[in-house]
There are 2 protein chains.
Amino acid sequence: MPNFVSLPGFRDFYPGDLAVRKHIMTVWREVACRYGFEEYDGPPLEPTELYVEKSGPEIVQQLYNFADKGDRDVSLRPEMTPTLARMVGARASAMRKPIKWFSMPQLFRYERAQRGRLREHFQLNLDIVGEAGVGADIELIAAAIDVLRAFGLTSTDFVVRISDRRLLRALLLHAQVPEDRLIRVYNIVDKLERESRESVAERLGEEVGLGEAATDEVLAIFGHRDFEAVRNAYGGTHGIGEEIARMRELFEGLEAFGLADYVRFDLGIVRGLAYYTGVVFEIFDIQGELRAICGGGRYDDLLGLVSGSDLPALGLGMGDVVLRELLAGRGLLPATDRLLDYYVVAVTPDERPDVLRLVHCLREAGHSVDYALRHQGVGKQLKSASALNATRAIIIGPDEVADGVVVVRTMTSGEEERVPMDGVAVTEVG
Amino acid sequence: MPNFVSLPGFRDFYPGDLAVRKHIMTVWREVACRYGFEEYDGPPLEPTELYVEKSGPEIVQQLYNFADKGDRDVSLRPEMTPTLARMVGARASAMRKPIKWFSMPQLFRYERAQRGRLREHFQLNLDIVGEAGVGADIELIAAAIDVLRAFGLTSTDFVVRISDRRLLRALLLHAQVPEDRLIRVYNIVDKLERESRESVAERLGEEVGLGEAATDEVLAIFGHRDFEAVRNAYGGTHGIGEEIARMRELFEGLEAFGLADYVRFDLGIVRGLAYYTGVVFEIFDIQGELRAICGGGRYDDLLGLVSGSDLPALGLGMGDVVLRELLAGRGLLPATDRLLDYYVVAVTPDERPDVLRLVHCLREAGHSVDYALRHQGVGKQLKSASALNATRAIIIGPDEVADGVVVVRTMTSGEEERVPMDGVAVTEVG
């Protein structure tokens, strides 16, 4: 007889795990709705070319892709943005802008090398389409912060590190990095925190072909960890000043939102992906124990690429796995014990019809109710009531039926009360 | 430039569609919780052999299966029961019985021939594991009825047709059908409603090898459409009487639940699948326009087969597609217009920080709030407030800032009121 197990990298959600997932999704949805985002969803399976178009052919090695029975090359979705771009693009002309959408898809990756790592996770996606201005950047980053705050996290737990591709580009061009080598520089400096300054300098010379002066200038740029320092150094420089002004507007907006404590300027936030065109940000736990909690940015060219509707856009993704670890570490996961309003007990098998009648009345009134599916002794039934965490047990015996009453027992105190059978269904649960 | 479309048979859920799906799932979850079922979920991808073990190798032609990059034969889940059996089986000994679980998975089928038909749907699954008695049958069928009632459907809209494999088996054995040909008879009579009596008789002779007397007897059995008729004919027959008594107990339980109007005995409900072992039922719309809304039954052998934990079980599945058609036809789908509590308007760009401050306060108080992401004229902003279905607009101009007040406009009436800025965030939405 086979003993089946789940596939490596996939999670089973037993009720306790599902309750945590539901809590996370409930908070995600609640904050997104407060911010005026509307929920959408797309297929978990899309044509592989949709992802290749966005990320290039190298992405395929990370995809859960295969040929379906109709010989289509298809992929389990590794991210939601291409689907969003496809869907918005198809109806863009008929839709009010800005479009504020959210979704909570399960996403999939298959990398051969990843032993023991998950191949699926759930991810909150928030996107704003059709607004090129910094106002949308403020709104999106504020939403990310308020999502985390809604879980009980504070500015002592996490920080949003913010940069802007346009500012970085202007600074690097100013440092004499040729335009066609910007992406290569981004990919190298993206690892600044993990590599030594010397190793980065060497790679800038060898891999990008920068001279010594340009290399020094690039490293000096990333040496500024503070917005004021960058502003003082480059605020008056032609082509950089306006980028700095926009960044300043972003921070002022977040300050008006009351969220200044949560954000930090950080040119080192590059986000390797080629498709970002403006603001980029990542959220980290302050203690630096976990991978990024959330990442996002502006991708003004993607919709044109995928759908032909040339609309500016920005978005973020926040996965459930790192978030869950963070919340667990801070003691911020809710108790997931099931709760039951009533457990109804029959003293003898003869009261069974009365039990069923009452169970149905209570459920009709919106209460969660359970009872023994086959007759058992009263003690065993009350034990079940305890095990199921019932607030109250209702006991019906021959005497109660004769008198038209039931006994209502509060499980914590053991207190009992005789209540007319007709009246019990309207009792509110305390 | 490519114009991407979704894969055939997969739905995009734009916000209006997602709102309907969410309504359906909210009702599913609410009723399941009232009944004391706990929510779980499993992977959308499982080893193909899990489904082959349950349903036989023929199932593969209907599966969305493929070889993954680790050369495993995997399938997008076509149904939830094997996953449930695997999960429960793995922890069965540590779990309280009966186990009452529900889930709302997205399921997938790939049949080459199906042009224009969906290849995915969402399905409510309710299962009770660990209780062999009729009490569990009553509970499950009552839950199915109450789910549909919670959508506003009544006994004039749908009916549950109920049979039992054990009763049917006893009747067919009594009619001299050999035990090893029962499944073949089930599969033929499953089509009784769609085929003529003559054609069924012919197939019973040719494909099952029944003689004329046995064929007549089988047809006579299925001629009884009424429980009392079967009871009168076979109630005293050895081996059949106890099956009839159990069926009677089932109907009495549903009557005690107040649900007698929703159920009908119908020996013609066979459900082709070989793995049912007891009660079987299907729910149909009374007008007979749609495919079955829901189907289920008892499968006492499956857990032993899949997991080695030999536990009795029964369950049902209710898909979102037929249900949605039914609700739409009866005018029972809710309005899915988005609603916004507040839209906050800046008269000049100078009030922008005040707008952001107020927006954040209102959102912190739990309201859904939107505003213009870049400055626009007041008229245009109020138009957005209308388009977004805002209950109220809040207008902040230079005079209001000077006086520390805001203007609150009720959008339907146009009525306006000046309210202290500090007090507005605590105003309840009417």
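The values are calculated or read from the model by the stated rules, or taken from the named source; none is laboratory data. Source: prediction; values computed, not measured. With ideal geometry, Cβ positions are generated from the backbone for all residues, glycine too; neighbour counts draw on all protein chains shown. These accessible areas exclude ligands, DNA and RNA; they are computed on the full protein's heavy atoms, side chains included. Shrake-Rupley method; radii C 1.70, N 1.55, O 1.52, S 1.80 Å.
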Quiz prompt | Tally, over region B:76-97, of residues that are within 11 Å of chain A (Cβ to nearest Cβ) and under 15 Å from B:Asp320 (Cβ atoms) | solution = 0
Exercise. Check whether at least one residue in region A:288-300 is aliphatic (A, V, I, L, M), without any contact (Cβ under 8 Å) to a residue 60 or more places away in the chain and within 19 Å of A:Lys191 (Cβ to Cβ), and report yes or no.
Key: yes
Exercise. Mind listing whichever residues of region B:152-166 are open to solvent by less than 10 Å² (accessible area, probe 1.4 Å) and farther than 20 Å from B:Gly236 by Cα?
Key: B:Leu153, B:Phe158, B:Val160, B:Ile162
Practice problem: Would you please name the residue that is least open to solvent (accessible area, probe 1.4 Å), looking only at residues in region A:303-329 that are charged (D, E, K, R) and either in contact with a strand residue (DSSP E or B) (Cβ under 9 Å, 6 or more places away or on another chain) or in a helix (DSSP H, G or I) (or both)? | Solution: A:Asp320
Quiz item: Within the group A:Pro57, A:Pro2, which residue is facing chain B (nearest Cβ under 7 Å), out of contact with any Pro (no Cβ under 9 Å at 6 or more places or on another chain) and at pLDDT below 95?
Solution: A:Pro2
Self-check item: In region B:373-393, residue nearest to the other protein chains (Cβ to nearest Cβ) [restricted to those that are without any contact (Cβ under 8 Å) to a residue 24 or more places away in the chain and part of a helix (DSSP H, G or I)]
Solution: B:Ala387
Quiz prompt | Selection within region B:357-372 - free of Cβ contacts under 8 Å to residues at least 60 places away in the same chain and touching a Phe, Trp or Tyr at 6+ places or on another chain (Cβ under 8 Å) | solution = B:Arg357, B:Val359, B:His360, B:Arg363, B:Ser368, B:Val369, B:Asp370, B:Tyr371
Quiz item: Would you call B:Thr277 in a helix (DSSP H, G or I), of a type in the set (Ser, Thr, Tyr) and farther than 18 Å from B:Ala143 by Cα?
Solution: no
Exercise. Could you list all residues from region B:13-25 that are farther than 26 Å from B:Thr83 by Cα and either open to solvent by 30 Å² or more (accessible area, probe 1.4 Å) or more than 7 Å from chain A (Cβ to nearest Cβ) (or both)?
Key: B:Gly16, B:Asp17, B:Ala19, B:Val20
Quiz item: In region B:167-187, what residues are open to solvent by 50 Å² or more (accessible area, probe 1.4 Å) and assigned to a helix (DSSP H, G or I)?
Solution: B:Arg169, B:Leu173, B:His174, B:Glu179, B:Asp180, B:Arg181, B:Ile183, B:Arg184, B:Asn187
Quiz item: Would you call B:Gly36 over 15 Å from the mean Cα position of the chain (by Cα), closer than 17 Å to B:Val322 by Cα and part of a loop (DSSP other than H, G, I, E, B)?
Solution: no
Quiz item: Does B:Lys100 qualify as being at pLDDT 95 or above, within 10 Å of another protein chain (Cβ to nearest Cβ), out of contact with any Asp or Glu (no Cβ under 6 Å at 6 or more places or on another chain) and open to solvent by less than 50 Å² (accessible area, probe 1.4 Å)?
Solution: yes
Quiz item: Checking B:Pro334 against (1) assigned to a loop (DSSP other than H, G, I, E, B); (2) on the phi < 0 side of the Ramachandran plot; (3) free of Cβ contacts under 8 Å to residues at least 60 places away in the same chain, which test does it fail?
Solution: (3)
Quiz item: Across region B:138-148, what is the number of residues that are within 9 Å of chain A (Cβ to nearest Cβ) and either closer than 16 Å to B:Met247 by Cα or open to solvent by 10 Å² or more (accessible area, probe 1.4 Å) (or both)?
Solution: 3
Quiz item: Of the residues that make up region B:199-209, is at least one in a loop (DSSP other than H, G, I, E, B) and out of contact with any helix residue (DSSP H, G or I) (no Cβ under 8 Å at 6 or more places or on another chain)?
Solution: no
Quiz item: Does B:Asp41 satisfy the condition of being touching a Ser or Thr at 6+ places or on another chain (Cβ under 6 Å), open to solvent by less than 50 Å² (accessible area, probe 1.4 Å), of a type in the set (D, E, K, R) and facing another protein chain (nearest Cβ under 7 Å)?
Solution: yes
Exercise. Please work out which one of (1) open to solvent by 10 Å² or more (accessible area, probe 1.4 Å); (2) not in a loop (DSSP other than H, G, I, E, B) is the condition B:Phe10 fails and give its number.
Key: (2)
Quiz item: Taking region A:26-36 on its own, how many of its residues are more than 7 Å from chain B (Cβ to nearest Cβ), open to solvent by 10 Å² or more (accessible area, probe 1.4 Å) and in contact with a helix residue (DSSP H, G or I) (Cβ under 8 Å, 6 or more places away or on another chain)?
Solution: 2
Exercise. Tell me, yes or no, whether region A:88-95 has at least one residue that is assigned to a helix (DSSP H, G or I), open to solvent by 10 Å² or more (accessible area, probe 1.4 Å) and in contact with a strand residue (DSSP E or B) (Cβ under 8 Å, 6 or more places away or on another chain).
Key: no
Practice problem: Working carefully through the options B:Gly223, B:Gly209, find the one that is touching a residue at least 24 places away in the same chain (Cβ under 8 Å), among the small types (Gly, Ala, Ser) and open to solvent by 30 Å² or more (accessible area, probe 1.4 Å). | Solution: B:Gly209
Quiz item: Being in contact with a helix residue (DSSP H, G or I) (Cβ under 7 Å, 6 or more places away or on another chain), among the charged types (D, E, K, R), part of a loop (DSSP other than H, G, I, E, B) and without any contact (Cβ under 8 Å) to a residue 24 or more places away in the chain, is that true of even one residue in region A:61-72?
Solution: no
Practice problem: Please work out which one of (1) surrounded by fewer than 19 Cβ atoms within 10 Å (Cβ to Cβ); (2) outside the structural domain of B:Ile138 (by TED's automatic domain parsing) is the condition B:Asp71 fails and give its number. | Solution: (2)
Quiz prompt | Number of the exception - A:Pro420 against (1) over 46 Å from the mean Cα position of the chain (by Cα); (2) open to solvent by less than 70 Å² (accessible area, probe 1.4 Å) | solution = (2)
Practice problem: Look at B:Val345 and say whether it is open to solvent by less than 40 Å² (accessible area, probe 1.4 Å), modelled with pLDDT of 95 or more, away from chain A (no Cβ under 12 Å) and under 20 Å from A:Ile128 (Cβ atoms). | Solution: yes
Quiz item: Listed residues A:Asp370, A:Asp300; which is over 19 Å from A:Asp146 (Cβ atoms), at the interface with another protein chain (Cβ under 10 Å from one of its Cβ atoms) and either aliphatic (A, V, I, L, M) or in contact with a strand residue (DSSP E or B) (Cβ under 9 Å, 6 or more places away or on another chain) (or both)?
Solution: A:Asp370
Self-check item: Pairs, first among the charged types (D, E, K, R) in region B:233-248, second open to solvent by 40 Å² or more (accessible area, probe 1.4 Å), C-beta under 6 Å, six or more apart
Solution: B:Glu243/B:Arg166
